[in-house]
Amino acid sequence: MSDSCGTGADLPASAKATAGAPKLARDREASEGGQAPRRPWWLASAVALVGVVVCWTLGAGAQAQLPSEASIAAGRRIYLQKADCQACHGWAGDGEKMDSQAPDGANLRMSQLDRDQLVFVIKCGLPGRDMPAFDRLAYTDDRCLGRTRADLRRMGLELFDPGATLQSREVERLTDFLLAKVVRQGSMDRAKCIDFWGEEVDVCSEFPR
């Protein structure tokens, strides 16, 4: 059976010899001159430049995925104070709410939401499920699935107002904190408690060593 990929296995001997002649001639000239065939000077520079760009891009992407400790600390303050997420979700985000009059919040430590999903839920809330929308303009335009307050009323979905709204940068910092210290972190223990607060505080003594 002949080679369908054109490797030359089915060519006549004379055709093979002719096809290989230019390469053999070039190799012979290079060897007779005592030098290997030279590559264009710009080829090595181009390869090096591509390598630098790739390394820089990968490095920048990795840094973008790692929030600073300052951003995480700011997010923790927003969680505990301005947004008062602990009222419903508990200080540890485990659903053990701090305000008995507040709605029951989800156990965020077991949540599998990614960054984009967290940002969306914080900004747009969960109509009909007690989660308020922290974006001041939520449901006034198309930013929340294209729905408006009128749409929610027509659908019979109640949306609670938060105690305070958050700016976009505050939502990002809150998300940094949640992903670093709460979401997908599993049940709280002493080591996680110390990491959560950045130091050993009184509440951490509730967990066994």
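Observations
- Ascending count of other beta-carbon atoms within 10 Å, so fewest first, for I72, I194: I194, I72
- Gained length - D142 relative to L157, 0.36 nm times residue gap less alpha-carbon distance: 3.7 nm
- For the peptides 86-92, 65-71, residues were scored by their other Cβ atoms within 10 Å and the scores averaged per peptide; the highest-first order is 86-92, 65-71.
- Computed over the stretch 69-206, the convex hull of the alpha-carbon atoms projects to a mean area of 8.3 nm².
- Assigned charges on the beta-carbon of Lys, Arg, Asp, Glu; the stretch 69-206 dipole about Cα centre (debye): 480 debye
No lab work stands behind these numbers, since they all come straight from the coordinates. Just so it is clear, the model here is predicted, and its values are computed rather than measured. So basically every Cβ, Gly included, is an ideal-geometry build from the backbone, and we count neighbours across all protein chains shown.
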